[in-house]
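Heads up, the thing below is written out as C-alpha cells.
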C-alpha cells in the first residue's frame, strides 16, 4: 500500500514541476488525502498517576501538510510582528510564540471548536489556530478597527468567543482558575466538552493554580491544565524558580503527562488522551516541553539568561516545522520545492494581511466609551477633563 | 448662597412630618415586615427558580446554610450542582466563577465578608470588570459578588473594612449597597439579571432588621433600577446622603434635627457605581447644604466623590461647605469605646448638619 501511495504522489509531483500561477491550485494539489499514516512520537510520554498513551500516532497526509502550512504561517506571522514592533507600528507589549507552534496546531487537531481554550499573553498563534485571521491579528497589534478586539485590547487581549477562545490574559496565572471556570460551566451545561487552560513554567508556581486544581479535582471538572514549559519565566530559568520543575507531577493527586512540545503529533496524541480523560475522570496536567526563540517579549533580547548556542541548538535539533518537513519528505507526501512554495505563499499571505491592516483606521474617538458595560443604563462617563468630554454609556 | 441662615417658622417645625421608617416599625401596621436576611434569601430563591443558569458559590453557602444564613434552604431546594460549597480559597474560586461567567452561566459568589475579597480582587477587577471592554463586547461577565461589607461589632481591624470606594472607582463594575428589605430584594434581583459584574455590598448588622414591604416588593418580578438613588425622607434645609446602615442613622439624625427646626432630606444612595449624581445634585440645589455619611475610611471615599460632584455641578447653589461624616481614619479598634469612636454616630451627623446651617452645636 505504501508503494502505490508513493507512485501516486510521484505522478502528482511531476505534473507540478511547471511553475504555478495560483497559490490556490498549489494547495489543492498537495493538500494530501486522508489515507491513514502512523508515526511514532520523537520520545515516549512520561506519565504521573496515569498510564501514558501510545507513542504511535495516527495521522494522514492532509493533516501533516496542514500542520506544516499552519506552523509556517504562524512562524512567518510572529517574525513579521517582530519587524512591525521594531518599526514602532506595534506598541507596548508583544510576546512572540515562534518555536512553540507545535503546541497550538497539535492541540487544535485533537479537539473541536466547542472545546474551550484559554491562555496567557503569548496568544497570537493560539488565536489563529482557533480560526482568527491574520488581518485580525495585525490590525489588533497595531491598534486598528479591524483588530479582533477592535483595537481596544492589544497583543495580550485577543478573544474569539464564537470558537471558544477566551483570551489573551495579562495577569500571570489568572487564566488557570478562569479556565477551570470554563470547564465548570461546560459541565454545568452538560456540553460534554473540555477546556484547555494554558500557562507557562513561570505561572506554574502560582498559588491560584493549585486552588483551581483542588476545586477542579473535587468537582471533577473537565479541565486540562497545559504547562507550556519553555524553560524560562521571563529571565528566570525553571530551576531558579521552581523547587520541582517536573510540572507534570506538580498536580500531586492529579495525573499528568510530559510531552515533547516540539512534536505536533505528540501534542495531538496527548491532547486527545487528555480530553478523553478529563471527560471521564476530571482534571489532568499536560507539560509541553517546548522552546521560544525570541526573548520573553520584544524588550528582552533573550540572550542574557541563555546562550545563543542553546537557542541555535534547539533550532537545529528540535524545530517543530523542520520535524514535519522531514516527515513529509520522508513519506514522499510533497517535494521540497512544494513545501518551499507553501512557505512563499504563506509569506505573501502575511504581507498582504499587514498591508490590509495598515489601511484599517484607528478606532473612532467615541469608541473610548463603548463596551465599558454590556448594559450601560445610560449612565455618564467622563474624559480627562469632565467638563470637556462626557459620554452616555449605551 | 450668601451664607444667610434661613429662619424657620415655629409652626413649620411643629407640623406633622411623614414618619421615618424606624417610627413605622414600632407600629404593628398592616404592612408586611421582612428582614434583610429573608429579603436576600427570597431574592436568590426567586432568581434561581426563574433562570437555571443562576448558581451560588461560596464558603459554607450550602450545608452550613450560609455563614449568616442568607442562603438557608437553597441547597435543599436546588441541589449541590447549583449551590456549591467552596474550599477557603478566594482567589481560586472567584477565578473559577468568573471563568464560568465568561462561558455564559450566571454565578452569584458569596464572600463571607468583603475583607476576604481582597484575596480575589485581581479576578474582580482584571478578569471581570475589564473584560467586556478589552474584548470589545465579545465577552460579557454576568456575575454577582455579594456578602457583608463594612463594620460589624467587635470583629477588629481585619474584619471591618468597607470596600465601596475601592470597587466603585473601577469602570466596568457596578456597585450596589442596599439599606432596606425593599432595597435588598430589588437590587439583588437587578444585580443577578444584569449582564455586567456587580459588587453587592450587604451589612451584617442589618441582616436581622425588619422593614415594611409592599405586595409589589414581594412579587417575584420586582426589580429596582441600578444607578438610581432613593429619597427616603423629603426635606428642604439640608441634604444627607448615605448608604447601607448609615441611611438608618441619617434618618434618626433627621428626627433629631426636626426637633431643632431643621428639615433634612435623606438620600439612600442604593447605587455607588453608577452614582446617581443627578438626584444628589438636584437635592442639593434645593437645600443648598450637604452632609455625606459613610462608615468607610474617609480618604478618597464615596463622600469625597459626592463632594467633588457637587462642587463641579452645583457650586453656586451651596450655602455652606460640604460636610463629610465617615469612619475614623484608623484601623478598626476592638475595645468597645474606641470602636464606637471609630464609626459615625447619629450625633455626628446631627452636628455636621447643624454646621451646614450655621447653627451652634449644643
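The values are calculated or read from the model by the stated rules, or taken from the named source; none is laboratory data. None of the values given here were measured: they were computed from a predicted structure. Using ideal geometry, Cβ is built from the backbone for each residue, glycine included, and neighbour counts are taken over all protein chains shown.
Annotations
- Residue list for segment A:158-167, filter: crowded, with 24+ Cβ neighbours inside 10 Å, at pLDDT 95 or above and at the interface with chain B (Cβ under 8 Å from one of its Cβ atoms): A:159, A:160, A:166
- Given (1) part of a loop (DSSP other than H, G, I, E, B); (2) touching a residue at least 24 places away in the same chain (Cβ under 8 Å), number of the condition residue A:149 does not satisfy: (2)
- Given (1) surrounded by fewer than 23 Cβ atoms within 10 Å (Cβ to Cβ); (2) within 17 Å of the chain's Cα centre (by Cα); (3) away from chain B (no Cβ under 11 Å), index of the condition residue A:170 fails: (3)
- Test: residue in segment A:368-390 that is in a helix (DSSP H, G or I), surrounded by 13 or more Cβ atoms within 10 Å (Cβ to Cβ) and not assigned by the TED database to the domain that holds residue A:73: yes
- Of all residues making up segment B:87-126, the number that are in contact with a strand residue (DSSP E or B) (Cβ under 9 Å, 6 or more places away or on another chain), in a helix (DSSP H, G or I) and at the interface with chain A (Cβ under 7 Å from one of its Cβ atoms): 8
- Yes/no for residue A:119 being more than 10 Å from chain B (Cβ to nearest Cβ) and crowded, with 24+ Cβ neighbours inside 10 Å: yes
- Those residues of segment B:219-235 which are surrounded by fewer than 16 Cβ atoms within 10 Å (Cβ to Cβ) and more than 14 Å from chain A (Cβ to nearest Cβ), in sequence order: B:219, B:220, B:221, B:231, B:234
- Criterion applied to B:252, B:230 was being under 29 Å from residue B:340 (Cβ atoms) and in contact (Cβ under 8 Å) with a residue 60 or more places away in the chain, and the one residue passing it is B:252.
- For segment A:173-182, a residue qualifies if it is facing another protein chain (nearest Cβ under 8 Å) and touching a strand residue (DSSP E or B) at 6+ places or on another chain (Cβ under 9 Å), and the qualifying residues are A:176, A:177, A:178, A:179, A:180, A:181, A:182.
- Test: residue A:288 is surrounded by 19 or more Cβ atoms within 10 Å (Cβ to Cβ) and closer than 30 Å to residue A:186 by Cα: yes
- Yes/no for residue B:130 being under 16 Å from residue A:374 (Cα atoms) and surrounded by fewer than 23 Cβ atoms within 10 Å (Cβ to Cβ): yes
- Residues considered: A:333, A:329. Of these, the only one that is assigned by the TED database to the domain that holds residue A:294, touching a helix residue (DSSP H, G or I) at 6+ places or on another chain (Cβ under 9 Å) and free of Cβ contacts under 8 Å to residues at least 60 places away in the same chain is A:329.
- Selection of segment B:272-300 for residues being touching a strand residue (DSSP E or B) at 6+ places or on another chain (Cβ under 8 Å) and closer than 28 Å to residue B:157 by Cβ yields B:272, B:273, B:291, B:292, B:293, B:294, B:298.
- Matching residues, segment A:213-232, being more than 14 Å from residue A:187 (Cβ to Cβ) and free of Cβ contacts under 8 Å to residues at least 40 places away in the same chain: A:214
- Subset of segment A:367-383 [within 8 Å of chain B (Cβ to nearest Cβ) and farther than 22 Å from residue B:313 by Cα]: A:370, A:371, A:372, A:373, A:374, A:375
- Boolean, residue B:141 is in contact with a helix residue (DSSP H, G or I) (Cβ under 9 Å, 6 or more places away or on another chain), within 14 Å of another protein chain (Cβ to nearest Cβ), buried (at least 24 other Cβ atoms within 10 Å of the Cβ) and not in a loop (DSSP other than H, G, I, E, B): no
- Restricted to segment A:231-244, and to residues there that are part of a loop (DSSP other than H, G, I, E, B) and within 22 Å of the chain's Cα centre (by Cα), the residue that is nearest to residue A:262 (Cα to Cα) is A:231.
- Breaking point among (1) buried (at least 24 other Cβ atoms within 10 Å of the Cβ); (2) within 30 Å of residue A:369 (Cα to Cα); (3) in the same structural domain as residue B:47 (by TED's automatic domain parsing); (4) in contact (Cβ under 8 Å) with a residue 60 or more places away in the chain, for residue B:271: (3)
- Summed over segment A:185-194, the residues that are at the interface with chain B (Cβ under 8 Å from one of its Cβ atoms) and in contact with a strand residue (DSSP E or B) (Cβ under 8 Å, 6 or more places away or on another chain) give a count of 2.
- Checked against the criterion of being more than 7 Å from chain B (Cβ to nearest Cβ), crowded, with 21+ Cβ neighbours inside 10 Å and assigned to a helix (DSSP H, G or I), the candidates A:216, A:155 yield just one match: A:216.
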